[in-house]
1. Given that just one value was derived from the coordinates, which of [x] 28.1, 117; [y] 32.4, 125; [z] 22.9, 79 is Rg and Dmax of the Cα atoms in Å?
2. Sorted by packing (mean other beta-carbon atoms within 10 Å per residue), highest first, where do 322-328, 364-370 land?
3. Of the listed peptides 217-223, 35-41, what is their order by residue-averaged count of other C-beta atoms within 10 Å, with the highest listed first?
4. Looking at the P(r) of region 166-232, how many percent of alpha-carbon pairs lie beyond 13 Å?
5. Pairing the Cα long axis of helix 292-301 with the longest principal axis of the chain, what angle in degrees results, from 0 to 90 and rounded to the nearest 10?
6. Sort 104, 415 so the one with the fewest other Cβ atoms within 10 Å of its own Cβ comes first.
7. Can you pull a Stokes-Einstein diffusion coefficient for region 57-325 at 20 °C (1.002 mPa s), Rh from Kirkwood over Cα pairs, as a whole number of µm²/s?
8. What whole number of Å gives the distance from the Cα centroid of region 219-286 to the Cα centroid of region 188-217?
């Protein structure tokens, strides 16, 4: 007896757990099908749905040009080719782990310390998130996560692990901050539903909000995790993109300030070089755990997604250049601040409000006044118009599990200034036309209302003054003579 057709493949292969068929990824597809180019396709879709940091890549290119020995693919570095090409230890190159630990400290202002022996490699932050989920939870277990949150966590953390993500509701009236009351409510709801909560997953700085978590909120999360004996996973991949105050506070800083606040075995950090350096193609993800068993297990699991030794060697040399990394982080923050100010000022010019933010590569903007219906469906309809007609791929808040319709994430660091200005011109034109249409509709509605109110009186006057002018089929009763 053969296998039934609907069972020939696994549930992972036939299911929709990846999340590819969502508006978040649909926007990427729209861009891929019609990519903007200032000369060859000036009316194409501008990609504002991808959080890439392209503002300082020429500084890295310049460093590589001046340091050819850092690569084994140059005549200056090829003498190391055999040793690097045959290195297979999944602990990683010692110099690479030391350089990563040092860079993580610098990105956090030197206020936290990291042990190179606890650095575990992974194939990007995606692989790091999945690995930590495999280490901490079983299929059916759950992690609490504040909304709105990065849509691809549904892929990274859930898809192959079978772990659930349950929302901690956050609201715009208090800038989407995590409150202890909502945290406790989410935990209680899961417990009442007989769902085993294994931890809390946060991004700090936040994606999509672009905000940093204050010290007291972090302490609340750490204490809660300790009291309930659950894990706290902190995704800190945007830590080096903080361009304005308040300064970034890492969970490592909280733990090192007061080790008694929590059992360190419950604290884990996910990091990557994709955002701070702008090199997502290098696929460098990092797990940093204070739990020895997690470090050991994650290191064994890293065999499924190691960073190439060629990449490790190049980055070990680059990140080991103290003067260069100091200047790079400072210049990156300066350029991010400039770009953020220019972009938000352009939005403010047409009445678009953004959540006040100080980090990240994006803005969390409110298009609520442009919604025809203040619903998730109304938001998606507006997003579809923006993608198909305005030709901008911004990401709707509903794809980030935001429960308040009208919020959108727009990325601003993955393009040059000319492209950003083109995007802003398109936004200004769209908002102006939308406002004109709304004004025209309101005017027509007021005119129709006034006409309906005045029409009976005019007809009455005509009836009294000129009864013969009335239609013989008029339903109005003629005045008796």
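What follows draws every value from the coordinates through simple rules; no lab data is involved. Since the model is a prediction, treat every value here as computed from it, not as a measurement. Virtual Cβ from ideal backbone geometry, glycine too; neighbours counted across all protein chains shown.
1. Among [x] 28.1, 117; [y] 32.4, 125; [z] 22.9, 79, the one calculated here is [x].
2. Details: 322-328: 14.9, 364-370: 20.3.
Answer by packing, highest mean first, reads 364-370, 322-328.
3. Working: 217-223: 19.4, 35-41: 11.4.
In decreasing order of mean packing, 217-223, 35-41 become 217-223, 35-41.
4. 66 percent
5. Compared with the principal axis, the helix lies near 80 degrees.
6. So the ranking, lowest neighbour count to highest, is 415, 104.
7. So the translational diffusion coefficient is about 112 µm²/s.
8. 12 Å
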